[in-house]
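The values are calculated or read from the model by the stated rules, or taken from the named source; none is laboratory data. Nothing here was measured: the structure is a model prediction, and the numbers come from that model. Using ideal geometry, Cβ is built from the backbone for each residue, glycine included, and neighbour counts are taken over all protein chains shown.
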Amino acid sequence: MKNKINIAIDGPAAAGKSTISKRVAKKLGYIYIDTGAMYRAITLHVIRHGDAVLDHLEDVDIRFGASGTSVFLNGEDVSQDIRSQEVTQRVSEVSSQHQVRSYLVSMQRKIAEEKGVVMDGRDIGSTVLPEAELKVYMKASAEIRAKRRLEEEEARGVRIDIGTLTEQIIRRDALDMNREISPLVKAPDAVLLDSSHMSIDEVEDKIIKLAEGLIRS
């Protein structure tokens, strides 16, 4: 039986982490964990019920569907709700709270204990899974990331201009990189991958080759 490894994929908003992570996990037969969706679920919960819920996170249950793409918050499928502009605008603020990060990091580490996990986020290689066998830091220019996000929003029927999206992404980068707790940073041993001018297939192939090299070793 092949050795299983954990794969940590970090990077800024709209760098393509989730898309690539899902494909890599499927190719390897691994479990995909979208940590960003977990923070979005907590943010949605705060929007709905107020900041007081941050003192009772033990009452918040977050689960993924069998495919890893559906997200359930206390039994409710919130896969679409967590992608709203309201959640997008507040997720950095909520996710920077110490109690939120502590609660979710503990949950994420427990999931990864058995190996065979592809986890993406902003602090996976640096904080959540510092011992992951493969760490990748994906990046792309703000303009290219805005175009990708625009396509996602239009596919969901949301109308928003490219300038607004670019501003949101730049603001999100600043918040994520400068937050006090677990800022967005490239782990020293992470492979840097600039996806600005790479196709999805090219990025996937690169990461699969890196992973298979470690699995065989």
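Hand me the list of helices (runs of 4 or more DSSP H) wholly inside segment 59-155 holding 1 or more residues that are polar (S, T, N, Q) and surrounded by 13 or more Cβ atoms within 10 Å (Cβ to Cβ). Of the helices (runs of 4 or more DSSP H) lying wholly inside segment 59-155, those with at least 1 residues that are polar (S, T, N, Q) and surrounded by 13 or more Cβ atoms within 10 Å (Cβ to Cβ) span 85-95, 98-111. The residue that is farthest from Thr88 (Cα to Cα), counting only those in segment 1-54 that are surrounded by 19 or more Cβ atoms within 10 Å (Cβ to Cβ) and polar (S, T, N, Q), is Asn6.
Tell me yes or no: at least one residue of segment 182-192 is at pLDDT 95 or above, under 19 Å from Ala8 (Cβ atoms) and not in a loop (DSSP other than H, G, I, E, B). Yes, segment 182-192 has at least one match. For beta carbons closer than 6 Å, sequence separation of 6+ or different chains, a first residue in segment 103-116 that is more than 23 Å from Ala211 (Cα to Cα) and a second that is surrounded by 20 or more Cβ atoms within 10 Å (Cβ to Cβ), the qualifying pairs are Leu104/Met38; Val105/Val128.
Ala132: among the hydrophobic types (A, V, I, L, M, F, W, C) and in contact with a strand residue (DSSP E or B) (Cβ under 7 Å, 6 or more places away or on another chain), yes or no? Against the criterion (among the hydrophobic types (A, V, I, L, M, F, W, C) and in contact with a strand residue (DSSP E or B) (Cβ under 7 Å, 6 or more places away or on another chain)), Ala132 qualifies. Count, please, the residues in segment 160-194 that happen to be buried (at least 16 other Cβ atoms within 10 Å of the Cβ), closer than 13 Å to Lys147 by Cα and in contact (Cβ under 8 Å) with a residue 60 or more places away in the chain. Result for segment 160-194: 2.
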